[in-house]
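Peer 1: Supplied in structure tokens, the structure appears directly below.
Derivation of every value follows stated rules applied to the coordinates shown; laboratory data play no part. No experiment lies behind these values; they were computed from the predicted model shown. All Cβ positions, even for glycine, are placed from backbone atoms using ideal geometry, and neighbour counts span all protein chains on display.
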Amino acid sequence: MKLKDIKTFVVGNPPPHFGGRYFVFVKITTDGGVSGIGEAYCLPFHPSIVTQMAEDVFGRYMAGEDPHDIEKMWRRVYSAGFTQHPDLSLMGVLSALEMACWDIIGKEANQPVYKLLGGQVHEKLRSYTYIYPRPGDQTNVYADPDLAAIRAAEYLQMGFTALKFDPAGPYTAFDGRQLNLESLALSERFCKQLREVCGTKADLLFGTHGQMTAAGAIRLARRMEPYDPLWFEEPVPPDAPEETARVARGTTIPIATGERLTTKYDFARLLNAGAAAILQMNLGRVGGLLEAKKIAGMAEVYHVQIAPHLYCGPVVGAANIQLATSTPNFLILEGIETWGGFHGDILKKPIQWQDGYVIPPKEPGLGVELNEEYIAKFPYTDRDLHLEMTQHPVV
């Protein structure tokens, strides 16, 4: 069996754009006609360039290879162009291609990928969602704790046992910084009101995006501690694990981070620094399924858990499910609400969500297939990237 062809898809994500402005998918086909799909997460280039990168990497290092030879192809791509160093863009492309290879491998074996990554550990996977806005909202749920509390009660009724929110203000190209007193007070109010609504029925996940210095993050953490969040997410920029470790030492709240990191090498620095209790690798960036499994194994030694990150499309979501199902130190899975809406429509069969949990699929491979006829109706024609940071300092 040899890898033969690649096809790429850029799918515009219609409003309200939950999961980003677009998704980049790949489809690889073998000389025997078996196809696998993958997804790249949040590269800092226009998606039309990302698809060219995927085609170039595939043609240079993977075409003609056996899809089972993941390790060999991975090392060649990791070292491409005399790099041999964690590179977010290259690893995002490799993640999508590697994911597609696992989809092929599972289909050839007639097994879900989790059966090939150590077997099934979890019968169902606890999931969480952001508290999202609704059409007709009169205020911004990301900045209005009263509306967020109402929405939290609705999610509890749906079956969720964990909710994420991020009221700390914009994240910018000039962070970290000290939050102003208004932002600190608003964040504390969110925690207070959501804890009053949720009681012991749901964990609170406090999301940030590297806005703060370590000192600033510790100031905020001390305001949040009385409300016992399950985690404090990416409190400082991702380029200095020793500063994340300073925050971890300065608070009783578990630190979660990792969506902007890639490969075992980045995550080893986190673990060695004692910087995180929860690792949030995104499988569309980290280097693929096998790399994520290695990182989970490293984390197990440190009694650190994993919570795969998702703010993209459902193919990464499907890969997250395969990893989580086979991983003993899995904690919780991120989803875009209940995996429905556009995220379900672009699949031939949506991911199964039930009463706060994802049910691992029994189908071979990743367990999902793209509805190619449907996604062709959603081209991406804008210039903005999947996610953007504020381009000026916050005063």
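Peer 1: Positive end of the charge dipole of the range 21-137 (Lys, Arg +1 and Asp, Glu -1 on Cβ, about the Cα centre): tell me which of 88, 136, 40 has its Cα farthest that way.
Peer 2: 136
Peer 1: Starting from the 7 Å offset along Cα-to-Cβ, what nm value, one decimal, do you get for the label separation of residue 294 and residue 355?
Peer 2: 4.0
Peer 1: Let me ask something additional. Evaluate the Debye formula for the range 75-125 with equal point scatterers sitting on the alpha carbons, no solvent, and hand back log10 of I(q)/I(0) at q = 0.13, 0.17, 0.21, 0.28 Å⁻¹, in q order, two decimals.
Peer 2: Scattering profile of the range 75-125, log10 relative to I(0): -0.46, -0.67, -0.81, -0.97.
Peer 1: With charges set only on the Cβ (+1 for Lys and Arg, -1 for Asp and Glu), what does the dipole of the chain come to about its Cα centre, in debye to the nearest 20?
Peer 2: 440
Peer 1: A further question on this structure: List the trypsin sites (Lys or Arg not before Pro) within the range 289-392 that fall in a DSSP loop (any state other than H, G, I, E or B) and whose Cβ has at most 14 other Cβ atoms within 10 Å.
Peer 2: 348, 362, 377, 383
Peer 1: Then there's this: Treating the Cα atoms of the range 259-367 as identical point scatterers in vacuum, please give the log10 of the normalised Debye intensity I(q)/I(0) at q = 0.11, 0.14, 0.21 Å⁻¹, two decimals.
Peer 2: Cα-only, vacuum Debye calculation for the range 259-367: -0.33, -0.53, -1.08.
Peer 1: If you don't mind, there's one more thing I want to ask. Using just the helices of the chain, give the 222 nm mean residue ellipticity in deg cm²/dmol: DSSP H runs with n ≥ 4 each add -39,500 (n - 2.57), and the total is spread over all residues, rounded to 500.
Peer 2: Calculated mean residue ellipticity at 222 nm is -11000 deg cm²/dmol.
Peer 1: Sum up the charges of everything whose Cβ sits under 15 Å from the Cβ of residue 373, counting Lys and Arg as +1 and Asp and Glu as -1, but leave residue 373 out.
Peer 2: Counting the neighbours of residue 373, the net charge comes to +2.
Peer 1: On to the next question. From a point 7 Å beyond the Cα of residue 201 in the direction of its Cβ, which residues of the range 115-151 have a backbone N at a distance under 20 Å?
Peer 2: 126-134, 145-151, by backbone N distance to the label point.
Peer 1: Calculated FRET efficiency, residue 185 and residue 55, Cβ-Cβ r, R0 41 Å, to nearest 0.05?
Peer 2: The computed FRET efficiency comes out at 0.25.
Peer 1: List 5, 66, 382, 266 from most exposed to least, where exposure is judged by having the fewest other Cβ atoms within 10 Å.
Peer 2: Taking fewest neighbouring Cβ atoms as first place, the list is 382, 5, 66, 266.
Peer 1: Another question, if that's okay. Can you give the convex hull volume per residue for the Cα atoms of the range 1-140, as a whole number of Å³?
Peer 2: Residue-normalised Cα hull volume stands at 155 Å³.
Peer 1: Restricting attention to the range 151-237, which trypsin sites (Lys or Arg not before Pro) occupy a DSSP loop and are surrounded by at most 14 other Cβ atoms within 10 Å?
Peer 2: Within the range 151-237, the qualifying trypsin sites (Lys or Arg not before Pro) (loop, at most 14 other Cβ atoms within 10 Å) are 201.
Peer 1: Taking the range 17-113, which GluC sites (Glu not before Pro) meet the DSSP loop condition and have no more than 11 other C-beta atoms within 10 Å?
Peer 2: none
Peer 1: Which one, 127, 360, 301, is farthest towards the positive end of the dipole of the chain when Lys and Arg carry +1 and Asp and Glu -1 on their Cβ?
Peer 2: Selected residue: 301.
Peer 1: Roughly speaking, what is the centre-to-centre gap between the range 76-101 and the range 297-358 when only Cα atoms are used, to the nearest Å?
Peer 2: Measuring centre to centre over Cα atoms gives 22 Å.
Peer 1: If you bin the C-alpha pair distances of the chain every 10 Å from 0, what whole percents do you get?
Peer 2: 5, 24, 34, 26, 9, 1, 0
Peer 1: So, one more: Once whole DSSP H runs in the chain are found, which of them have Cα atoms spread over 18 Å or more along the helix axis and a mean Kyte-Doolittle score of at least -1.0?
Peer 2: Qualifying helices: 88-109, 145-158, 181-198, 289-301.
Peer 1: Need one number: % antiparallel among DSSP beta bridges in the chain, to the nearest 5.
Peer 2: Roughly 50 percent of the beta bridges in the chain run antiparallel, per DSSP.
Peer 1: Something else: Run the dipole for the range 3-110 about the Cα centre, Lys and Arg Cβ at +1, Asp and Glu Cβ at -1, nothing else charged, and hand back the magnitude in debye, nearest 20.
Peer 2: That gives the range 3-110 a dipole magnitude of about 240 debye.
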